[in-house]
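The values are calculated or read from the model by the stated rules, or taken from the named source; none is laboratory data. Quick caveat: nothing in here was measured; it's all calculated off a predicted structure. Here the Cβ is made from the backbone with ideal geometry for all residues, glycine too, and neighbour counts use every protein chain on show. Surface areas here come from the heavy atoms of the whole protein model, side chains and all, with no ligands, DNA or RNA. Shrake-Rupley method; radii C 1.70, N 1.55, O 1.52, S 1.80 Å.
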Protein chains: 2
Amino acid sequence: MSFQKLDDLGHKLEALEHALAILGADEATHMAVGGGEKRAEAMSSLAGMLHRQATAPEIGDWIAAAEAEPLNDEQQAAVRELRRQYTNLTCLPAEFVERQTVARMRSEQLWRSLRARNDWAGFLPALEGVVALVREEAALRAEALGLAPYDALMEQYDPGNRAADITPVFAELKAFLKDFLPRALAMQEARLAKHPLKPLSGSYAVEKQRELGLAMMAAVGFDLTHGSLSVSHHPFCGGVPTDVRITTRYKTSDFLSALMGVLHETGHALYEQNLPKGWSHWPLGKARGMAVHESQSLFVEKQIGRNPAFWRWALPVVEKHLGEAWSLDDILPHVHHVERGLIRVDADEVTYPLHVILRYELEQELVAGRLEVADLPEAWDAKMRDYLGLSTIDNPADGPMQDVHWPGAAFGYFPSYTLGAMMAAQQWAALTREHPSADADLAKGDFSAVNEWRRARIWSQGSRWSTPDLLERATGEKLNAVYFTEHLRKRYGG
Amino acid sequence: MSFQKLDDLGHKLEALEHALAILGADEATHMAVGGGEKRAEAMSSLAGMLHRQATAPEIGDWIAAAEAEPLNDEQQAAVRELRRQYTNLTCLPAEFVERQTVARMRSEQLWRSLRARNDWAGFLPALEGVVALVREEAALRAEALGLAPYDALMEQYDPGNRAADITPVFAELKAFLKDFLPRALAMQEARLAKHPLKPLSGSYAVEKQRELGLAMMAAVGFDLTHGSLSVSHHPFCGGVPTDVRITTRYKTSDFLSALMGVLHETGHALYEQNLPKGWSHWPLGKARGMAVHESQSLFVEKQIGRNPAFWRWALPVVEKHLGEAWSLDDILPHVHHVERGLIRVDADEVTYPLHVILRYELEQELVAGRLEVADLPEAWDAKMRDYLGLSTIDNPADGPMQDVHWPGAAFGYFPSYTLGAMMAAQQWAALTREHPSADADLAKGDFSAVNEWRRARIWSQGSRWSTPDLLERATGEKLNAVYFTEHLRKRYGG
């Protein structure tokens with residue numbers, strides 16, 4: 001039976017994925033510095049084995065044969081996702097992948113040195129090369145998937161995402177934010193005039209912050225028998241569903257940054273820990289995609305972790321671990337601080353979507369060939385001034401060179417960040433319709449009903465549905481900007 | 001060129017070995033408890049891939065073809081070791097390996113529960129099954145290797161070890177020890193009567209012990225940019241040569257046990273870290289075998305770490321980290337304590353070889369069929385009374401059931417422990433002939449000349465020579481009991 005062959009293959013691929021996931025987490029947390037070269041060699045060799053085994057020509061035949069076999073619903077879903085993965089993995093010719101890998105690695109390396117020197121002119125030819133290959137990739141993927149080129153790129157990160165659906169929702173959000181941001185900033189100023197910001201200053205020992213993080217993780221639902229918390233340069237969530245490795249980094253002068261990082265990564269971890277175990281060796285058993293994953297981390301970080309109700313419960317926990325007693329009025333201005341800035345990764349809930357929409361718009365233009373890389377600084381600056389009132393024209397390092405996504409050829413990835421934030425707000429709204437006591441639960445540190453809803457609607461579904469379908473099944477409607485704008489209005493506007 | 005194919009294969013196998021080594025170390029140090037089942041599944045799947053790739057039938061042809069190719073010395077050595085590994089990996093039929101794996105796993109599981117209940121009768125049938133299969137294995141290996149059955153078993157652990165060479169050396173050592181042990185104990189008693197044992201009592205914080213361990217590791221030559229120290233239930237040395245993971249365990253009431261564990265594992269680690277890097281993807285680049293490896297750990301633990309000269313330097317280091325000032329007369333009676341005991345792993349330098357020789361003698365009888373498993377308790381007890389003056393007849397849990405080697409079918413492994421101790425003494429003697437100032441070096445904490453000698457003679461040689469040849473090339477003579485007996489006489493007899 002061909003399905004059985006695919007099932008056996010799944011177990012083999014899972015072992016290689018397990019090794020890569022743990023080696024990757026270990027590299028960032030426990031590896032000796034001198035171990036890097038051999039680690040890179042080993043991981044690249046294992047990744048090659050995984051790719052070769054996952055793309056072997058006979059798998060296409062097995063999938064076709066399995067599609068004709070009498071299978072139950074679950075098995076049919078497994079085969080559907082296998083086909084999807086197989087098509088996405090095999091639709092680029094090997095010679096193209098090699099050319100692209102070389103161009104991407106060269107561009108990433110160049111970017112590291114040239115960003116530091118703010119050298120756009122030096123970087124331009126490399127990025128032009130990357131964008132030319134992205135256009136080629138989009139065409140190849142579009143051909144194989146029967147999708148528009150930009151949709152074909154997004155399809156890798158969140159199946160079912162289509163620009164035709166996203167653009168109007170983003171347009172609505174953008175219109176709202178351009179109007180809302182100045183008002184939110186004015187409100188913040190007025191509030192701070194009445195009640196000046198109290199610095200959360202002190203010296204917070206790493207070990208105490210770590211204990212606080214672990215206590216919060218456990219309270220929010222992280223299963224410490226199937227995961228752990230370490231330190232790394234950039235916080236991440238890695239490992240495997242049975243052993244999820246999350247990390248944060250500590251500043252002794254500031255406990256909030258590590259803690260919010262822990263909450264964000266705990267959101268990712270809860271998704272991984274609660275995926276359906278019986279499907280773990282199939283693509284079906286994996287998290288749905290990047291936007292859905294981000295919706296889970298942002299759910300914990302923003303919907304829960306920046307919710308005033310949460311802080312009613314959390315403040316005494318913080319006090320117990322750090323020995324400092326703050327009031328809600330002390331902590332919330334820090335947790336809800338809004339500020340216009342140039343850098344996406346440093347942005348707050350209100351300004352972040354404007355950074356993302358800017359990218360979404362520009363990268364569609366780049367992929368379509370309506371914008372050339374050489375014209376990017378001006379195009380970027382124009383939107384930046386329009387959306388955030390800031391100019392980057394003399395500062396490409398903090399403009400189009402600010403992060404590694406484009407140098408690394410990851411086009412079609414950006415919208416997922418804001419889709420995740422919107423989906424988290426929509427999920428919270430749906431959840432509170434069913435559980436009006438959700439805020440009261442948070443204020444008691446009781447996350448059981450909230451997590452039960454998420455387990456049933458999101459986590460247990462693995463990759464059974466496309467991203468838009470998963471959202472619609474979970475919340476009863478398609479992506480709707482109103483939930484996110486209402487969330488922002490309530491938190492920052494009133 | 002067939003050699004090139006073997007070289008490429010080596011890189012692939014190295015990647016899988018790397019993954020298995022890091023996953024294994026991670027399992028014992030950082031894995032979440034609930035991650036065990038999936039980890040076992042992944043590792044067994046990866047080990048299967050490694051075995052299949054390392055034993056593919058075409059490799060035999062490549063090796064034969066490479067043997068006829070014009071190769072330089074190094075490449076010829078690489079092919080020799082490849083042939084040796086290939087023969088050892090392929091000489092057992094798959095159906096036999098499966099039968100043996102089942103019997104061994106069942107026996108190990110039974111042993112865990114029945115040892116706790118001291119239930120020899122219950123365990124007997126399982127061990128009989130294991131021994132029957134070991135006899136079969138020895139015959140199969142003997143046939144493939146053209147060796148005597150017991151030699152064929154030892155060949156897996158230390159190529160070149162032959163009972164005909166070892167037995168007379170062990171006989172000489174045994175005769176010495178049976179006479180020496182009572183005298184050493186009497187001397188110890190007399191010494192303690194004059195200078196009563198001062199307990200090294202105190203409370204030593206784990207973090208301070210860890211810092212002490214790291215300082216000692218670094219001083220002795222461990223490269224902390226290519227390795228690390230963690231905690232695990234049983235100390236071990238794992239990982240890969242570019243990232244050696246050693247562990248220890250801490251008791252706050254006793255700093256010596258963790259520290260001596262660190263020194264022992266550092267000995268293993270120095271060997272791994274200093275293997276020839278250019279050969280790392282060939283069997284040629286691996287450590288020679290179990291006895292040689294043990295000679296390196298025991299060199300650091302016994303020749304260096306229990307040497308009074310070493311403690312002249314080490315005591316101030318200990319004082320600096322733990323804040324306690326002991327004199328040499330306080331510490332040496334602990335470091336040199338001798339005691340008759342039932343358990344091999346708890347034994348000291350003087351009594352340990354008697355435990356090993358007992359096993360060496362009994363397991364040869366078992367493999368040859370001259371001793372049946374049912375008669376083992378009596379045979380064991382007779383030797384135990386003869387060599388150590390202790391009886392185990394009513395206590396099989398501390399007799400033939402005391403460790404997992406026999407339940408796990410690891411026959412031919414025991415002699416390596418004492419060969420390692422003898423080889424370490426012989427190496428120390430050869431080294432001090434060339435560097436008469438070695439003791440003075442240790443007393444200054446200067447390990448450079450000692451390590452330079454070991455790097456040139458042992459570490460850099462990888463698997464180029466058989467175990468006896470490596471020893472002879474390094475020390476100028478074959479295994480000679482005199483160096484170890486002289487070492488014991490000097491340390492415990494005078």
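Figures for the structure shown
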read-out: Descending semi-axes in whole angstrom, ellipsoid equivalent of the protein assembly as shown, from the Cα gyration tensor; value: 59, 34, 28
read-out: Cα principal axis extents for the stretch A:369-467, largest first, Å; value: 52, 32, 20
read-out: Teacher prompt: B:Arg135 distances to equivalent labels in other copies, 7 Å Cα→Cβ, nm; value: 7.8
read-out: Debye intensity ratio in log₁₀ form over the Cα atoms of the stretch B:243-363, taken at each q of 0.10 Å⁻¹; value: -0.40
read-out: Distance in nm between pseudo-label sites at B:Glu477 and B:Glu108 (7 Å out along the Cβ direction from Cα); value: 4.1
read-out: Rh by Kirkwood over Cα pairs, then Stokes-Einstein D for chain B at 0.890 mPa s and 25 °C, µm²/s; value: 102
read-out: When the stretch B:1-90 is reduced to its Cα atoms, the Kirkwood hydrodynamic radius in Å; value: 14.6
read-out: Antiparallel bridges, percent of DSSP beta bridges restricted to the protein assembly as shown (to nearest 5); value: 50
read-out: Relative contact order, percent, the stretch A:1-90 [alpha-carbon distance under 8 Å, six or more residues apart]; value: 43
read-out: For B:Arg117, inter-copy label distances in nm, listed shortest first [label point 7 Å out on the Cα-Cβ vector]; value: 7.5
read-out: Sparsely packed trypsin sites (Lys or Arg not before Pro) within the stretch B:358-411, loop by DSSP, other Cβ within 10 Å at most 11; value: B:Arg370
read-out: Sites A:Glu434 and A:Thr101 - FRET efficiency at Förster radius 56 Å, r taken between beta-carbons, to 0.05; value: 0.75
read-out: The protein assembly as shown, accessible area per residue, ligands and nucleic acids excluded (1.4 Å, Å²); value: 40
read-out: Dipole magnitude of the stretch A:192-341 about its Cα centre (Cβ charges: Lys, Arg +1; Asp, Glu -1), debye to nearest 20; value: 220
read-out: Heavy-atom accessible surface of the stretch B:158-494: percent carbon and sulfur, 1.4 Å; value: 54
read-out: In order through the stretch B:247-257: 3J(HN,Hα) via Karplus (6.51 cos²θ - 1.76 cosθ + 1.60), integer Hz, x for Gly, Pro; value: 9, 9, 9, 10, 10, 5, 8, 8, 8, 5, 5
read-out: Dipole axis of chain B (+1 Lys, Arg; -1 Asp, Glu on Cβ), positive-most option in B:Thr485, B:Trp311, B:Val338; value: B:Trp311
read-out: Residue closest to axis [chain A; rotation mapping onto B; Cβ; Å]; value: A:Ala19, 2
read-out: Computed [θ] at 222 nm, deg cm²/dmol, chain B (DSSP H ≥ 4; -39,500 (n - 2.57); rounded to nearest 500); value: -21000 deg cm²/dmol
read-out: Computed lengthening from A:Thr87 to A:His233, 0.36 nm per intervening residue step minus Cα-Cα distance; value: 49.1 nm
read-out: Rh by Kirkwood over Cα pairs, then Stokes-Einstein D for the stretch A:45-204 at 0.692 mPa s and 37 °C, µm²/s; value: 158
read-out: Sequence-distant residues sharing a close amide H with B:Asp254 (under 5 Å, placed H); value: B:Tyr204
read-out: Calculated label separations, B:Gly493, copies of the chain, 7 Å along the beta-carbon direction, nm; value: 9.3
read-out: Positive-end extreme of charge dipole, the stretch B:155-264 - chosen from B:His234, B:Pro196, B:Pro168 (charges on Cβ); value: B:Pro196
read-out: Total accessible surface hidden between A and B, rounded to 100 Å², 1.4 Å probe; value: 2600
read-out: Low-density loop cleavage sites - trypsin sites (Lys or Arg not before Pro) in the stretch A:169-274, where at most 10 other Cβ are within 10 Å (DSSP); value: none
read-out: For chain B, size of Cβ-based charge dipole, Lys and Arg +1, Asp and Glu -1, in debye; value: 940
read-out: Members of the stretch A:24-41 that become less accessible by 30 Å² or more once partner protein chains are added (1.4 angstrom probe, chain alone as reference); value: A:Asp26, A:His30, A:Ala32, A:Gly34, A:Lys38, A:Arg39
read-out: B:Val345-B:Ala64 FRET efficiency (beta carbon distance; Förster radius 30 Å; 0.05 resolution); value: 0.10
read-out: B:Lys444-B:Leu197 FRET efficiency (beta carbon distance; Förster radius 30 Å; 0.05 resolution); value: 0.60
read-out: Cα→Cβ-extended label distance, 7 Å offset, between B:Glu378 and A:Leu390, nm; value: 8.8
read-out: Charge dipole (the stretch A:1-113, unit charges on Cβ, about Cα centre) - positive-most of A:Leu46, A:Val79, A:Met1; value: A:Leu46
read-out: Shape call, the stretch A:54-95: gyration tensor on alpha carbons, a/c limit 1.5; value: prolate
read-out: Dipole magnitude (debye, nearest 20) for the stretch A:225-282, charges at Cβ of Lys, Arg, Asp, Glu; value: 60
read-out: Chain A: relative contact order in percent, alpha carbon pairs under 8 Å with at least 6 residues between; value: 20
read-out: GluC sites (Glu not before Pro) restricted to DSSP loop in the stretch B:346-434 with at most 13 other C-beta within 10 Å; value: B:Glu372
